[in-house]
Amino acid sequence: MGLDYLATVLLNGVSFGVLLILAALGLSIYWALMDVINLAHAAFIAWGAYISYSLMQICGFWFALIVGMVIMAGIGALLYAGIIKRIVGRMPAHSILFTFGIALVLIELLKVFWGVYPKSIHLPQELASVIPIGDFSYPFYRLFIIGVGLLVVVGLWSFLEKTNVGIAVRAALENKEIVAALGINIPRLYLLIFGIGTGLAGLAGFIAAPIVAVDYEMGWHFLLLSFVLVVTGGVGSLGGICLAGIILGILYAAVALITPQLASAVVFAAMFITIAALPRGILGRGM
Amino acid sequence: MNALLEVNNIDSFWGTAQVLWDISLEVEKGKVVALLGRNGAGKTTTLRNIIGLSKSIKGSIKFKGQDITRKPAHERAKMGMSYMPDNAGVLHNLTCLENLRLTQVGFKNVDLDLAFKYFPSLRDHLRKAGRSLSGGEQRMLGLARACLTQPELMLLDEPTSGLSPGFVKILSAMIKEIRSETSLLLVEENIPLALSLSDKAYILVEGKIVFDGPPDEARSVAEKYIIV
Amino acid sequence: MMDPLASKKLPLRTIGFWLILLILLAFSPAIVSLPIAVDVLIFGLLALSFNLMFGYVGLLSFGHAAYFGLGAYSAGLILKYLDIPLTVGWVVIPIGALIAALGALCIGAIVVRRTIAYFALGTLAFGQVLYYIILQLRDTTGGSDGLYGIPRPLIGGIFSDPIKLSSLQFFYVIFFVFIIAIVIMRIILNSPFGRSAVAVRENEERARFLGYNCYRIKLTMFTISGFFSGLAGTLYVVFNAYVGVDSVTWYLSGEIVFMSLLGGTGVFWGPLVGAFVYIMLKWWVSAYIYHWPLVVGALFAVIVLWFREGILGTTLYLWRRRFGT
């Protein structure tokens, strides 16, 4: 097995891991900050993919990317203000079940608007090239995914560490009462966070669309994997989720060489093991 | 003349247990008011009701003439109130500087230098995480943060509890300096200190106000109900 | 939240209610169709067993289909591949249930200690692992096609030739097993153990201070719940002569939760009522509304938000308010 082959497998793993990270970030945000386990996240990811499908028929890839994210964030904000905020503050079991119902509705709406058949999204010209790695031609798009992931993680980290609003978010993670007593509007913070989470979900769906099967199962598939990342990485731990994503992505890619079924089983087994042994996630910084 | 803060006949609960019965109190502009009582008498709950972190059942709360009973905490803060809980409320995951910068999210034109004016030693701890500050340093940070928004009313919950006499001195000095612009409602276990600083005192026993008057009269009443 | 364990003696009204319910169930193949009646019994049993965990102990298992699947696949594999005489084929029913219980015991031993969210996700994770393993072992389990051609057990064979049962007769066999299962469940719930489970749900800390071993209580109930879920699975396989991976999906787990909530998790019979309504909904609504999950999803959300007592629960509550207990 040549080094170049190994490199392609590694890159497959990392790019898959990055997709999972992008998908999992939003989930972690709602959970850590608002104590809401939001299963509708599945719908947001799927919607991101479908919206990109439609937008790409009208305009170019880049434009569709930006507009798609903004639309998703907008939908998320509306949903939050109208529906989701009713479940904030309730028991986790309730948020799981409530958002499950919302997810069912939203995903069914995909069928209503876009029909039942899977969609195929074509790569835009600029990104469809291949890079030679040893004897192999590696798709540039996967490297693009890794790039986007890096950008997003760095952006999120900067937001949380450097901006005042980001400081407020981190403060609210610890003690909402003090934050409120300092004149900060917590519901509005939640709205912002929810919008960010939804936008990220849309981005994840959009970026994933050209290389995964875009059908209405896609959202659930990603959601389950997002849960794996959030649990193994630790809820609310950006570093943990990134680390877990890379490791699990590579693990998946490696096992998938033998069989994809087993790869999925391994990933979920990892989640189970983390719940059993490391409830605070890999880095121990989860909640 | 309307008082700055008027609390009228509020009840409050902690879970299902009633903690406050028919509480009324007033803080006038430019005055320091002490709220005294034993542990569990309801002092913290009273402050939390005023800032809006605990719910007031029946009755009303007025601030600067406006009814704030239904207003959420952040709106009350923006009207000119600040609150420091009994553990200083310093956020452990944030640095000292970030704790101060939090005020800039809710309020415009916050000048961080004001914090260093009263507590210059804070400058040495700016990059330290909240959790690595000592108790006294956390209190200083909490107080500094409460002053930064230049509130008209400060609610302080046991600011000197468990701290050194040196710190007590700093606090007294600070209070004396800001009292012309900022009124204070002070919950204190240190009764002689509280009475020395305040213009008026309330004594709370098991959720009810049993005394309301000038500090010198308060002393003897306090001795009856609380260990001074 | 009503306490279904309220009285130890059975007042006449309760006996009457049970009788009516059982008579209705016994004649259900005539009222609704046979396939629906069988589904109601099987999935009703599944939902009832789920509710042992959720309604009585307060643990949300989001992977309960796994135990249904364990029972179903165990029974199916034994019947199909082991050459046992079909007249004793009935033995797969308790065996499948026991295998499922064993699975629940192993999984529960690990996840029961965790908080609600992690418990739910842990059970979900196991369900997924099982799903993918079943897919993987395509040669044995039939993979995504499922396990076909499972022979149905036969009656008799000692004094005469073994008889094949008609579907209707099979329904009554299932009904019989269902009744036994229900009676056992009630006995368990009315026992001191059952009451201790409720105590744990109400206030775990207090229960612990009172000397209850909460871990063991939760684990025991999980195992019992796994047993009855597996039992439902074996009944499914034995009737349908088929089992597929959609018996192990998270979607089925979600449906189980929904059925319980729909009927009411605070009442013993709630999940059965919920199963009935859900199955009917699926059959009827899907005939008229192509996108019936819209209805289901919206109902789900509305119930969680406003009607946490479910159909039966709310009905009973209103009944008691109007007529007294």
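How shielded is B:84-91 by partner chains, expressed as the average number of their Cβ atoms within 10 Å of its Cβ atoms?
Mean inter-chain Cβ contacts per residue within 10 Å come to 3.
Tell me, Kirkwood radius of chain C from alpha-carbon pair distances, in Å?
For chain C, the Kirkwood estimate is 20.3 Å.
On a 0 to 90° scale, report how tilted helix A:3-34 is relative to the longest principal axis of chain A, with both axes built from alpha carbons and the result rounded to the nearest 10.
10 degrees
Between the DSSP loop rule and a limit of at most 11 other Cβ atoms within 10 Å, which chymotrypsin sites (Phe, Trp or Tyr not before Pro) in the range C:136-236 are left?
C:159
Divide, for the range C:182-243, the radius of gyration over alpha carbons by 2.2 N^0.38 Å, where N is the residue count.
Compared with the compact-globule rule of thumb, the range C:182-243 sits at 1.43.
Could you please state, rounded to a whole Å, how far the C-alpha centre of the range C:165-229 is from the C-alpha centre of the range C:78-138?
17 Å
Determine the dipole magnitude for the protein assembly as shown: charges of +1 sit on the beta-carbon of Lys and Arg, -1 on that of Asp and Glu, nothing else is charged, the reference point is the Cα centre, and the result goes in debye to the nearest 20.
Rounded to the nearest 20 debye, it is 1200 debye.
In angstroms, what radius of gyration and Dmax does the range C:207-325 have, counting Cα atoms only?
17.4, 55
With angles folded into 0 to 90 degrees, how steeply does helix A:238-256 sit against the dominant principal axis of chain A? Use alpha carbons for both and round to 10.
With rounding to tens, the tilt is 30 degrees.
Which residue, chosen from C:250, C:276, C:118, occupies the Cα position most advanced towards the positive end of the dipole of the range C:30-323, where the dipole is computed from +1 (Lys, Arg) and -1 (Asp, Glu) charges on Cβ about the Cα centre?
It is C:118.
Describe numerically, in nm with one decimal, the distance between label points set 7 Å from Cα along Cα→Cβ at residue C:14 and at residue C:183.
Using points 7 Å along Cα→Cβ, the separation is 1.7 nm.
Hey, got the average number of other protein chain Cβ atoms within 10 angstrom for residues in A:262-270?
Per residue, the average neighbour count from other chains is 5.
Could you please state, rounded to a whole Å, how far the C-alpha centre of the range B:124-141 is from the C-alpha centre of the range A:224-242?
Measuring centre to centre over Cα atoms gives 31 Å.
Calculate how large, on average over all directions, the projected area of the Cα convex hull of the range B:98-227 is; give the answer in nm² to one decimal.
Answer in nm², one decimal: 9.0.
From the Cα trace of the range A:100-225, what convex hull volume per residue do you get, rounded to a whole Å³?
Roughly 165 Å³ of hull volume per residue.
What would the Debye equation give as log₁₀ I(q)/I(0) for the range A:201-287 at q = 0.20 Å⁻¹, counting only Cα atoms as equal point scatterers?
-0.97
For the protein assembly as shown, build the charge dipole from Cβ charges (+1 Lys, Arg; -1 Asp, Glu) around the Cα centre, then report which of C:323, C:55, A:114 sits farthest towards its positive end.
Farthest along the dipole direction, towards plus: C:323.
Can you compute the equivalent ellipsoid semi-axes for chain B, i.e. the square root of 5 times each eigenvalue of the Cα gyration tensor, sorted largest first and rounded to whole Å?
Here the semi-axes work out to 27, 20, 17 Å.
With 18 Å as the cut-off, how large is the P(r) tail for the range B:1-124, expressed as percent of Cα-Cα pairs?
Here the long-distance tail beyond 18 Å is 60 percent of all Cα pairs in the range B:1-124.
What do you get for the angle between helix A:260-277 and the principal long axis of chain A? Use alpha-carbon atoms, 0 to 90 degrees, nearest ten.
Once rounded, one gets 30 degrees.
As I understand it, the dipole of the range C:30-323 uses +1 on the Cβ of Lys and Arg and -1 on the Cβ of Asp and Glu, about the Cα centre. Which of C:89, C:222, C:294 lies farthest toward its positive end?
Checking the options against the dipole of the range C:30-323, the answer is C:222.
Whole number please: convex hull volume per residue of the Cα set in the range A:139-287, in Å³?
For the range A:139-287, the hull spanned by Cα atoms encloses 121 Å³ per residue.
Restricting things to Cα coordinates, could you compute the convex hull volume per residue of chain A in Å³?
136 Å³
Hey, which lysines would be in cross-link range of residue A:162, C-alpha to C-alpha under 23 Å, not counting anything within fewer than 8 residues on its own chain?
Hits, sequence-local ones excluded: A:176, B:108, B:128.
List the residue ranges in chain C for DSSP H helices whose C-alpha atoms run 24 angstrom or more along the long axis and whose Kyte-Doolittle average is -0.5 or above.
Result, helices passing both filters: C:34-54, C:92-111, C:116-136, C:167-190, C:214-240, C:270-288.
How large is Rg over Rh for the range C:18-131, taking Rg from the Cα atoms and Rh as the Kirkwood inverse mean of 1/r across Cα pairs?
Computed over Cα atoms, the ratio is 1.04.
May I ask which of B:43/B:200; B:29/B:200; B:78/B:208; B:55/B:78; B:31/B:64 have a Cα-Cα span longer than 20 Å here?
As for pairs spanning more than 20 Å Cα to Cα, those are B:78/B:208.
If packing is taken as the average number of other Cβ atoms within 10 Å across a peptide's residues, how do A:199-209, C:66-76 rank, most packed first?
Result, highest mean first: C:66-76, A:199-209.
Other chains' Cβ within 10 Å of B:105-112 residues: what's the mean?
Across B:105-112, the average partner-chain Cβ count within 10 Å equals 3.
So, R0 is 30 Å and r is the distance between the beta-carbons of residue A:257 and residue A:157; what FRET efficiency does that work out to, to 0.05?
The pair residue A:257/residue A:157 has a calculated efficiency of 0.35.
Would you please put C:26-36, B:128-138 in order of how densely packed they are, using the mean number of other Cβ atoms within 10 angstrom per residue and starting with the highest?
With the highest mean Cβ count within 10 Å placed first, the list reads B:128-138, C:26-36.
Could you give the semi-axes, largest first, of the ellipsoid that matches the protein assembly as shown, computed as the square roots of 5 times the alpha carbon gyration tensor eigenvalues and rounded to whole Å?
Working from the Cα gyration tensor, I get semi-axes of 55, 37, 22 Å.
I'd like the FRET efficiency for residue A:278 and residue C:148, computed as 1/(1 + (r/R0)^6) with the beta carbon distance as r and R0 of 30 Å, rounded to 0.05.
E(calc), rounded to 0.05, equals 0.15.
Nothing charged except the Cβ atoms of Lys and Arg (+1) and of Asp and Glu (-1): what's the magnitude of the dipole of the range B:13-154 about its Cα centre? Round to the nearest 20 debye.
Result for the range B:13-154 is approximately 200 debye, rounded to the nearest 20.
So if I place +1 on the C-beta of Lys and Arg and -1 on the C-beta of Asp and Glu, and nothing else carries charge, what would the dipole magnitude of chain A be about its Cα centre? I want it in debye, nearest 20.
For this selection, approximately 640 debye.
Any chance you could list the semi-axes, whole Å, largest first, of the equivalent ellipsoid that the Cα gyration tensor gives for the range A:1-62, using √(5λ)?
The three semi-axes for the range A:1-62 are 28, 22, 8 Å.
Can you give me the C-alpha center-to-center distance between the range C:297-320 and the range A:10-54, rounded to a whole angstrom?
Value for the Cα centre distance between the two parts: 32 Å.
Rule-based calculations on the coordinates, nothing more; no lab input. The structure displayed is predicted, hence computed values, not measured ones. Neighbour counts are summed over all protein chains in view; Cβ atoms, including those assigned to glycine, are modelled from backbone coordinates with ideal geometry.
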